[in-house]
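Student: Here's a structure for you.
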Amino acid sequence: MTKSLLWVKRCLLGVISLLAAVDASANPHAQWRRIQTPHFEVLFDSKHHAMEAYAKEVAKHAETSWRTLVPVLRTWPDKTVILIDDNGDSANGMATGFPFPQIHIYPAPPTPGDSISDTGAWTYELVLHEYAHVLNFQPAHGVFHLARNIFGTIVRPNLVLPRWYLEGLAVEIETRYSPSGGRLRSPNFTAIPRAMIQDGTLRQQDIARIGDISNPEWPGGTRPYLMGGLLWNHLAKKNISLIGDLNDHYARRVPFLIETPLEERLGKSWQELLDTVYTELEAKAVHQTDIICEGGQVACNDGTRLGEVSSYTRSPVISPEQSALAFVAREHNRESVIWIAERAPSADNQAAFHLKNAVRAAEPESVNRLSWYPTGTHIVYDASDSVGRYEERTDLWTYDRERKRTARVTTGWRAREPAISPSGKLVAFVQLLPGNTQLMLAKLTLDADGTMTASDAKVLYKPANGHRVSWPEFLDDTTLVFAERSEEAKESLRLVGFDKENLSAAFQRALPSGGDANYPRLIQERGQPALLFASTRNGVNNLYRARLVNTGAATALDDVRPLTNSTTRAWVGDLDRRSGQLIFSRLDGHGSRLRFLTAEERELLPGARAGKLPKIEPLLDAPSEPFEPPDSGLTEAELTPKDISYW
């Protein structure tokens, strides 16, 4: 090699090193490897735990997505780069065509409360959604084809289509070409338009507004995914070829002039089509509400508001001594705020909670769940924060109620959804892995100065690949119940017993509840232990109660009865033992609000007496036959990763 070439090489290395140093998010210690397939390059940091297996899974899903979507969208790039970024714990992905086709995947599975939580095969649906964007951006016809020959692949007219068009199409595709998942199949996702119809807010979302993700008013950043998905679902049912036809037509038109291609095919503008979709939805939603409320208004009592501190309040949990109610709120400029409402003094000490008594306790990022310490002096919660220079991780934190301070309990554990044992000596939580989760158990200590520490974490239950465990709850000091969601979009309760000294599992099995179930919560009903949980078994998320029979490995559920009959969505609740009120999160046309039902109101629900609720069909019609994704066609040899070296 000549001296001049060596000089050029050193200069280039210096520039690359400088750029890496400037970009604090790029870890210079990463050990990048690459899997090459016929249409993709999958890049991953092999230093991250279990990343190679996950990268192989992504590569197979990518080639399956290519085989699935090319007949629909017709134009594709020779290669798409997929970068797996496991430096954060938020489930997400992104795609762009600039400066070349690329997908970024953040492999943490979604939490139960996410708008994307009702998944089937999560990684497949994520890759499918993002590759739909890549193919959406790819075509350039007419004058744009000429411009691409001159300026290169940065010429992408479809890249500037409205966000509702781009995201809505990807949501429709992730649903249509998934065997069981996708947002448009989710009873919780489709509860949003039903709630907005009931409260008269749906038609406020016109075509000029549905692409806005910066508007904090409900449904916030979900708006283009939901409304755009509804539009594309309508179009795809009418004629699946409209997806490719419109995509190709826009690829030869001046950007931002979007009406003509649709008008030529349907004789309608996009606003007129949206009005048609809304009219159809309104008729279906009214019919669904009539079915739910077949016994009159008393049959679908959604409870009374507990007060209001923001437009989105959720996850209520009452302290063990019943003196305080903690919950999470979302504000316009903060994703999560922890509030605590003290019970007002009364002669019989049974005054109901009200949010007018609530005070701000902490302002962490991305809280999923709150759990009280047995003495009621501390709240343990999960929150996202920086760990080192290059990573942002979900860890366990604590709020000291007496000292009014927060402190980190774990560092880099990737822990969420904590639960504290009745003795206060153990903490169970969900740990994140690339595309997977596992149930963990650790020892917990609380010092006299209020310092809380967790140690000696052990894997208690590792589910099958692609399954998601969530929301562990202690039934006693040696037994946990939790929810597990399969790649077939089935969610049910499981039981695990353990040795509290060495934290090893003694048994684990299913805990039948008569249908799908999640968000388990141990409650005391008339002095007897019972399990509160949420279920969509009638087509709407509602809260149910089951009596606990026996203990340990013999634990069973009996006398399962609904406690709510919501017309929208009721989830995550707790029972106030003093007032008898059921406090829960309920969705309305402006967001999620805390509500309560008295014992008398619950007894009046016909479903409570009959033991079941009226059942409704999905708001959106499902395909007549479930889609079976094609095989990727990749061999093990093709999935062998190689080190990346440019020199």
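Student: Find the residue count for the stretch 172-192, including only residues that are touching a helix residue (DSSP H, G or I) at 6+ places or on another chain (Cβ under 6 Å) and part of a loop (DSSP other than H, G, I, E, B).
Tutor: The number of residues fulfilling the criteria is 5.
Student: Give, as residue ranges, the helices (runs of 4 or more DSSP H) completely inside the stretch 212-283 that count at least 1 residues that are modelled with pLDDT under 95.
Tutor: Details: elements: 223-238, 242-250, 259-266.
Because the criterion is at least 1 residues that are modelled with pLDDT under 95, the helices (runs of 4 or more DSSP H) in the stretch 212-283 that meet it are 223-238.
Student: Going through the stretch 233-273 one residue at a time, which ones are under 24 Å from R203 (Cα atoms) and aliphatic (A, V, I, L, M)?
Tutor: Across the stretch 233-273, the qualifying residues are L235, A236, L257, I258, L262, L266, L273.
Student: Right, another one. How many of the residues in the stretch 288-303 are open to solvent by 40 Å² or more (accessible area, probe 1.4 Å) and either within 26 Å of the chain's Cα centre (by Cα) or modelled with pLDDT of 95 or more (or both)?
Tutor: So the count comes out to 0.
Student: Moving on. Could you give every pair whose Cβ atoms fall below 6 Å, whose first residue belongs to the stretch 82-97 and is at pLDDT below 95, and whose second residue is surrounded by fewer than 22 Cβ atoms within 10 Å (Cβ to Cβ) and among the acidic types (D, E), counting only separations of at least 6 or pairs across chains?
Tutor: Qualifying pairs under 6 Å: N87/E391; G88/E392.
Student: Looking at T123, T119, T80, can you tell me which residue is surrounded by 17 or more Cβ atoms within 10 Å (Cβ to Cβ), farther than 30 Å from A517 by Cβ and hydroxyl-bearing (S, T, Y)? Walk me through it before giving the result.
Tutor: Details: T123 fails: farther than 30 Å from A517 by Cβ; T119 fails: farther than 30 Å from A517 by Cβ.
The unique qualifying residue is T80.
Student: If you don't mind, another one. Going by the conditions given, is D348 open to solvent by 40 Å² or more (accessible area, probe 1.4 Å), under 20 Å from the mean Cα position of the chain (by Cα) and on the phi < 0 side of the Ramachandran plot? If you could, list the steps in order and put the result at the bottom.
Tutor: Numbers: open to solvent by 40 Å² or more (accessible area, probe 1.4 Å): yes; under 20 Å from the mean Cα position of the chain (by Cα): no; on the phi < 0 side of the Ramachandran plot: yes.
Against the criterion (open to solvent by 40 Å² or more (accessible area, probe 1.4 Å), under 20 Å from the mean Cα position of the chain (by Cα) and on the phi < 0 side of the Ramachandran plot), D348 does not qualify.
Student: Counting only residues that are open to solvent by less than 10 Å² (accessible area, probe 1.4 Å) and closer than 26 Å to Q322 by Cβ, give me the strands (runs of 3 or more DSSP E) lying completely in the stretch 495-611 with at least 1 of them.
Tutor: Numbers: elements: 504-510, 518-525, 528-535, 542-549, 556-562, 570-575, 582-588, 591-597.
Per the criteria, 518-525, 528-535, 542-549, 556-562, 570-575, 582-588, 591-597.
Student: Determine, yes or no, whether I243 is touching a helix residue (DSSP H, G or I) at 6+ places or on another chain (Cβ under 7 Å) and under 21 Å from A62 (Cα atoms).
Tutor: Against the criterion (touching a helix residue (DSSP H, G or I) at 6+ places or on another chain (Cβ under 7 Å) and under 21 Å from A62 (Cα atoms)), I243 qualifies.
Student: Is it true that some residue in the stretch 360-372 is free of Cβ contacts under 8 Å to residues at least 24 places away in the same chain and either exposed (fewer than 15 other Cβ atoms within 10 Å of the Cβ) or more than 20 Å from S90 (Cα to Cα) (or both)?
Tutor: So in the stretch 360-372, the residues free of Cβ contacts under 8 Å to residues at least 24 places away in the same chain come out as 360.
Pick out the ones that are also either exposed (fewer than 15 other Cβ atoms within 10 Å of the Cβ) or more than 20 Å from S90 (Cα to Cα) (or both) and you get 360.
Looking through the stretch 360-372, at least one residue is free of Cβ contacts under 8 Å to residues at least 24 places away in the same chain and either exposed (fewer than 15 other Cβ atoms within 10 Å of the Cβ) or more than 20 Å from S90 (Cα to Cα) (or both).
Student: Looking only at residues that are part of a strand (DSSP E or B) and more than 16 Å from A419 (Cβ to Cβ) in the stretch 477-494, which one is most open to solvent (accessible area, probe 1.4 Å)?
Tutor: Top of the filtered list is S492.
Student: In this structure, is R265 free of Cβ contacts under 8 Å to residues at least 60 places away in the same chain and either open to solvent by less than 10 Å² (accessible area, probe 1.4 Å) or under 20 Å from P139 (Cβ atoms) (or both)?
Tutor: yes
Student: Looking only at the stretch 187-205, decide whether some residue is closer than 15 Å to L620 by Cβ, open to solvent by 60 Å² or more (accessible area, probe 1.4 Å) and not acidic (D, E).
Tutor: Looking through the stretch 187-205, none of the residues is closer than 15 Å to L620 by Cβ, open to solvent by 60 Å² or more (accessible area, probe 1.4 Å) and not acidic (D, E).
Student: Would you pick out the residues in the stretch 99-114 that are part of a loop (DSSP other than H, G, I, E, B), under 21 Å from R414 (Cα atoms) and not hydrophobic (A, V, I, L, M, F, W, C)? Outline the logic, then answer.
Tutor: Step one: list which residues in the stretch 99-114 are part of a loop (DSSP other than H, G, I, E, B), which gives 99-101, 107-114.
Add one more test, that the residue is under 21 Å from R414 (Cα atoms), and what stays is 107-114.
Those that are part of a loop (DSSP other than H, G, I, E, B), under 21 Å from R414 (Cα atoms) and not hydrophobic (A, V, I, L, M, F, W, C): P107, P109, P110, T111, P112, G113, D114.
The values are calculated or read from the model by the stated rules, or taken from the named source; none is laboratory data. All values reported here derive from a predicted model rather than from experimental measurement. Reconstructed Cβ throughout: ideal geometry from the backbone, glycine too, with neighbour counts over all protein chains shown. The accessibility values were calculated without ligands, DNA or RNA, using every heavy atom of the protein model including side chains. Shrake-Rupley method; radii C 1.70, N 1.55, O 1.52, S 1.80 Å.
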